[in-house]
1. Classify segment 67-177 from the C-alpha gyration tensor, please: rounded if a/c falls under 1.5, else prolate or oblate depending on whether a/b exceeds b/c.
2. Just to confirm a number: summing +1 for Lys and Arg and -1 for Asp and Glu over residues other than Phe319 whose beta-carbon lies under 14 angstrom from that of Phe319, what do you get?
3. For Lys399 paired with Phe171, estimate the spin-label separation in nm (one decimal), with each label point 7 Å from Cα along the Cα-to-Cβ line.
4. Quick one: if the Förster radius is 25 Å, what FRET efficiency do Ile430 and Ser328 give, using the C-beta to C-beta distance and rounding to 0.05?
5. How far apart, in nm, are two points set 7 Å out from the Cα along the Cα-to-Cβ line at Tyr15 and at Met411?
6. Anyone know which of Leu16, Leu250, Leu90 comes out most mobile in the 10 Å Cα GNM of the chain?
7. If you place +1 on the Cβ of every Lys and Arg and -1 on the Cβ of every Asp and Glu, how big does the dipole about the Cα centre of the chain come out, in debye to the nearest 20?
8. What angle, in degrees between 0 and 90 and rounded to the nearest 10, separates the Cα long axis of helix 378-401 from the longest principal axis of the Cα atoms of the chain?
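Only the coordinates and a few stated rules stand behind these numbers; no lab work does. Bear in mind the structure is a predicted one, so any value in this text is a computation, not a measurement. With ideal geometry, Cβ positions are generated from the backbone for all residues, glycine too; neighbour counts draw on all protein chains shown.
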Amino acid sequence: MIKLTEASNKIFNRYLVVIGALIVQLCLGSIYAWSIFQTSLKVAPYNLSTFESLLPFAVGLATFAVSMVFAGKWQDKIGPRRVATMGGILLGIGYILATGVKFFETDPFLTLLWVVITYGVIGGAGIGLAYVCPIAALVKWFPDRKGLIIGIAVAGFGAGALIFARVETLFIRVISRDVAGKIAESDISFAFLVCGVIYLVAVVIGAQLLRNPPKGWKPIGWEPPAPMASGIGRDYEWREMLGTPQFWLLWTMFVLAATAGLMTLGILKTFLQAANTSIDDTMAASIVGILAIFNAGGRIFWGTVSDKINRAPTMLIMFGVLALAMLSFGFVTEILILTVIACVIGLCFGGNFALFPSTTADYFGTKNVGSNYGFMFSAYGVAGILGALIPGIVIEVVKSTSTTITGASYMPAFLICGLGAILATGLALIAEKYHQK
């Protein structure tokens, strides 16, 4: 075996890890394209309600977050490669098994149960196992540029929705369409099968490029900052971290900010077509794709900004912009304005996944960042449930009083999430005070 020098470790190994991280994250990000499957589940032969069609997405996000807690601790012990490999296998198996939804299409309950178990539980667990591994490895390889490098890596997660929204749409076989050109009946089983095979192969390949740096390794010329008097910056075990107010402050901010983005991602296609009836499936998929671009770009953008002006001020700005976008979304019907607001929400939502892992490393150290960020990421699971419940309940209430669902019908859901983003902005002010101590 060739013995690598410190210089070759820096130039070769850590950038190879970035490539592996991008491959893995690209496939995992397909979960954000759920609205493509959701639309198909709401029509014949499945005929699920809005709330029911969002449940697999919510369960997938919750399982994703819960499994990350265990994955973080596991990869801290045995390294990222094996854990990410197992994640890729589970993700692929979950999608492939979801193909069996075809056998339950005449029974909405069994349809829902099958997709929840396969896509939501098995697939979600696979995403959770694989997701934390690239982040934990890259924080250790790039302590000098945590915000930027994590932003680049998880940009792949955001871009996954852009690519796989198209892939899923391509492989969903439309059996018939109504007079307006919208899906009247569809078969999603083939799309599950093809995507499952792609994810299994690609994630397993990408996982083989993940590794941790040698013990004590650091970039040439870089010295770690000294821990602050408050303890911020030293290496915390997860039990210590959970006992700090900083953790719960950040965790709450993550819940509030992620709920807004996840709700929008989960209902975007359905909402757009309700807000403007001229938006057909192709146009809606394009807007979902454009949002995905901004979601990916937001991870790099906000991560870079946070490296320059620090995490807390960046969060303050980002949450404020998110609040304005959410509070205005339900009031507009113009296609261009809808697209612009969706892009702003995507930009801010993506920033969470660069800011919170880097902030976790800043506050609680890089040694145990895998397990520590696993606990921080549990906020995402809560946000996934809230992001599905809020619009699901709102729309069911609207249906009880009206036979027509319009863009305005979603307004209460956007207002609730907008108020949550305002609260997150206030908490960011408190976080900045912690940062200055």
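1. Values: a/c = 3.53, a/b = 1.80, b/c = 1.96.
Taking the square roots of the gyration eigenvalues as a ≥ b ≥ c, segment 67-177 is oblate.
2. Values: positive: Arg311; negative: Glu432.
Cβ neighbours under 14 Å give a net charge of 0.
3. Each label point lies 7 Å from its Cα, and together they span 2.9 nm.
4. Details: r = 26 Å, r/R0 = 1.04.
The pair Ile430/Ser328 has a calculated efficiency of 0.45.
5. The modelled label-to-label distance comes out at 5.3 nm.
6. Leu16
7. Details: 29 positive and 21 negative charges, 280 e Å.
Approximately 1340 debye in magnitude.
8. That helix lies at roughly 20 degrees to the long axis.
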